[in-house]
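The values are calculated or read from the model by the stated rules, or taken from the named source; none is laboratory data. Remember, predicted model here, so these are calculated numbers, not experimental data. Here the Cβ positions follow ideal geometry from the backbone for every residue, glycine too, while neighbour counts run over all protein chains shown. Surface accessibility is based on the protein's heavy atoms, side chains included, excluding ligands, DNA and RNA. Shrake-Rupley method; radii C 1.70, N 1.55, O 1.52, S 1.80 Å.
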Amino acid sequence: EIETPGIDANTGPLGQGLGMGIGMALAEKASSNSSLKRFTYILAGDGDLQEPIALGASTLAGHWKLSNLIMFYDKNDIQIAGNTSRVDSTDYAKLYDAMGWHVQEIDGHNHNLIIKSCKLATKEKKKPTVVIANTIKGKGVSFMENSVLWHYRAPDNAELERALKEIN
């Protein structure tokens, strides 16, 4: 949430956050204020990348060589309307490579790989980075794993208790 230290913005409409984050990275890169020289991180999901605004902004980030931009793409192949395969067959690794991004693909459940990919991304000097984190929605919770229902629904108290037991 926006009240969390270090979180500058959160958005509702899918894809809008990419444009906002890319704009922030551009401002930081163009600024002569050294206090603004930092990395911008974007967290995106499958539905975000299916929006034209996100892809248009991503093209600009590659064109402008925004090496201070790191996007984590939580690729779990589920969106609110169901499995992404119903409406999308895009190879996002190839697409982002073609748009001039440094592309990394990792197991998004492996914390060591997440840290390693972030360190590698901060060393990239000529391109923005997208880390495609392949994940399983609800991993480790039997009644939530790979279920579209949990894309938009919060568990009730009994479900939360059961889920916590399963992951502990």
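Here are the numbers for the structure shown:
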item	result
Asn110 long-range amide H proximity, modeled H, under 5 Å	none
DSSP-defined beta bridges in segment 36-106 - what % are antiparallel, rounded to 5	25
Computed helical MRE - 222 nm, the chain, DSSP H runs ≥ 4 contributing -39500 (n - 2.57), nearest 500	-11500 deg cm²/dmol
Orientation-averaged projected area, Cα convex hull of the chain (nm²)	10.7
Between 0 and 90°, nearest 10: helix 157-167 axis offset from the chain longest Cα axis	70
For Pro155, net neighbour charge (Lys/Arg +1, Asp/Glu -1) across residues whose Cβ lies under 10 Å away	-1
Accessible area expressed per residue, the chain, with surrounding protein chains retained (probe 1.4 Å, Å²)	59
Mean separation of Cα contacts under 8 Å (6+ apart) over length of segment 1-116, as relative contact order %	23
Percent antiparallel among DSSP beta bridges (both partners in the chain, rounded to 5)	10
Sulfur and carbon atoms: percent of accessible area, the chain [1.4 Å]	55
